[in-house]
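**Student:** Dropping a structure here in structure tokens format, bear with me for questions.
The values are calculated or read from the model by the stated rules, or taken from the named source; none is laboratory data. Every value quoted in this text rests on a predicted model; they were computed, and no experiment measured them. With ideal geometry, Cβ positions are generated from the backbone for all residues, glycine too; neighbour counts draw on all protein chains shown. Just the protein is used for accessible areas: all its heavy atoms, side chains included, with ligands, DNA and RNA removed. Shrake-Rupley method; radii C 1.70, N 1.55, O 1.52, S 1.80 Å.
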Amino acid sequence: MSSLSYPSITEYILPKKNIIVISCIDLRLTDDLLHFLDFDNLTNRYDHFALAGVAVSTTATTPGYKELFKEDALKQYDSFVHWKKSLYDHIGIAIALHAIKDVYIVEHEDCGAYRAFLKDSAFASFDEEVSCHKKFAVALSKDIRSEFELNVHCFMIDIRGNVSLLDTVTEHN
Ligand SMILES: [Zn+2]
């Protein structure tokens, strides 16, 4: 029995088919993420794509977002264009190979990529940090839904492993 806090069953429609999980590379939360996916009955039913910063590093190409990024980060990573392309190539492969229907975007507390890439990432509170992650996760979710016919659920995981729902859209079953 887990003592961790997870979203309620009423908050989103659980995937019945295979999914892709998009998470940060952060090594502190690997076991917590697996635990959450097991809890959602997704054991061995997901492809996993990990990249630093999840939604932040795949939203640099979204209109209106580029100015939120540090100039040196944009320069170092070529405006993150290839990060986004790699993600979308992998979503395409996951659809082709495993007929995925849902995407889990999993943001996390204390993300080093947010600090490294954004001009303004000094959060005064956890709520403020969550709001920032939600902004980027929702932007990525919209973008994914404009590109692919997939349901998208966005989550925030804290460094204890507790998970909350940021956003959910189910249009395709
Ligand atoms: Zn991170």
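**Student:** Taking Cα atoms of segment 19-169, Rg/Rh with Kirkwood Rh, to two decimals?
**Tutor:** Values: Rg = 14.5 Å, Rh = 15.5 Å.
We get a ratio of 0.94 for segment 19-169.
**Student:** Return the distance in nm (one decimal) between the two label points of a simple spin-label model at Lys135 and Thr10, each offset 7 Å from Cα along Cα→Cβ.
**Tutor:** Result: 3.1 nm between the two label points.
**Student:** Name all residues of segment 1-21 having a backbone nitrogen under 12 Å from the label point set 7 Å from the Cα of Phe39 along its Cα→Cβ direction, giving them as ranges.
**Tutor:** 1-9
**Student:** Total Lys pairs in the chain closer than 14 Å by alpha-carbon, pairs eight or more apart in sequence or interchain only?
**Tutor:** 10
**Student:** Pull up all non-local amide H partners of Asp47: gap of 5 or more, or a different chain, and H-to-H distance under 5 Å with H placed in the peptide plane.
**Tutor:** Ile19, Ile20, Val21
**Student:** On to the next question. Per the Kirkwood definition applied to all pairs of different Cα atoms, how many angstroms is the hydrodynamic radius of segment 1-75?
**Tutor:** Taking the inverse mean of 1/r over all distinct Cα pairs, segment 1-75 comes out at 14.8 Å.
**Student:** Using R₀ = 30 Å, calculate the FRET efficiency as 1/(1 + (r/R₀)^6) where r is the Cβ-Cβ separation of Ser79 and Glu149; round to 0.05. Walk me through the numbers on the way to the answer.
**Tutor:** Working: r = 27 Å, r/R0 = 0.91.
About 0.65, to the nearest 0.05.
**Student:** Sticking with this one: Report for the chain the percent antiparallel among DSSP-assigned beta bridges with both residues inside it, nearest 5. Numbers along the way, then the final one.
**Tutor:** Numbers: 7 of 24 bridges.
Antiparallel bridges make up about 30 percent of those DSSP assigns within the chain.
**Student:** Let me ask something else about it. Carbon and sulfur atoms: what percent of the 1.4 Å accessible area of the chain do they account for? Provide the component values of the computation, followed by the final result.
**Tutor:** On the way: 4670 of 8830 Å².
Summing carbon and sulfur atoms, their accessible area is 53 percent of the total for the chain.
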